[in-house]
Amino acid sequence: MLRNLSDLFDALKPARSNAPPAAAQHALQLATAVLLVEVLRADAAGSELEKPVVLAALREKFSLDADELERLYELAEARSIEAHDLHSFTSRINATFDAGQKLQILRQLWQVAYADGRLDAHETHLMRRLADLLHVRQSEALGAKLRAGRDAAS
C-alpha cells in the first residue's frame, strides 16, 4: 500500500542494497506512472480521455485497488510536473524489468497516446524518446505503436 508522499519520493533516490522491497516496489510503480502521465500531458487536449487508460494500465501492471491507484496517479502528476528529465524514471524501469515487460509498458504508453483517437506530434516525439530510454528496439517499438493504433481504431 502506498504510504505517504515523502516515502515515495525517497524511494526514487538511487537504490541501496539495504532498501526494503516495498520501497523499491513503490518507486517502480511511481516511475511507471510518471511515464504514463508524461504521455497524457504531451497532448493537453485529450487528457480527459487518456486518464482512464492510464489508470487501467496501472491497475493491470500492479494490481492496485482504487484508492491506491488514485493516490499513485496524483503522485505521478506532481512528480511529472516537477521532473526535469525522464532518466531517473526510465533507469529504474530498466534496472527492474526485462525486455518483454518494458515492451508491455511501451504498448501501454502508446495506448494512452491513442486514447483520444489521434496522435499529436508531441506525443510521437515523446514516445520515440521513451522507446530509446527504455532500450526497446526500433522494430519492436514500431510494432507496439501499430498494435495500439489498431486497438484504438477498433
Open item on the list: Running a GNM on the chain with Cα contacts under 10 Å, which residue among L35, L49, L109 ends up with the highest mean-square fluctuation?
Closed with: L49
Task: Axial C-alpha extent at least 27 Å, average Kyte-Doolittle at least -1.0 - helices from the chain (DSSP) - done: 21-42
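Rounded to the nearest 0.05, what FRET efficiency do R129 and D67 have when you use their Cβ-Cβ distance and R0 = 35 Å?
0.65
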- [ ] Using all C-alpha to C-alpha distances in region 82-145, build P(r) with 10 Å bins and read off the rounded percent in each one.
- [x] 22, 54, 24, 0
TODO: Using a 10 angstrom cutoff on alpha carbons, build the Gaussian network for the chain and name the most mobile of Q101, Q29, Q111.
DONE: Q101
Open item on the list: With bins 10 Å wide starting at 0, give me the P(r) of the chain over every alpha carbon pair, in whole percents.
Closed with: 11, 44, 36, 9, 1
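Every number in this text was worked out from the coordinates using simple rules, so none of it is lab data. These numbers were taken from a predicted model, which means no experiment stands behind them. Positions of Cβ are generated from backbone atoms using ideal geometry, with glycine treated the same way; all protein chains shown enter the neighbour counts.
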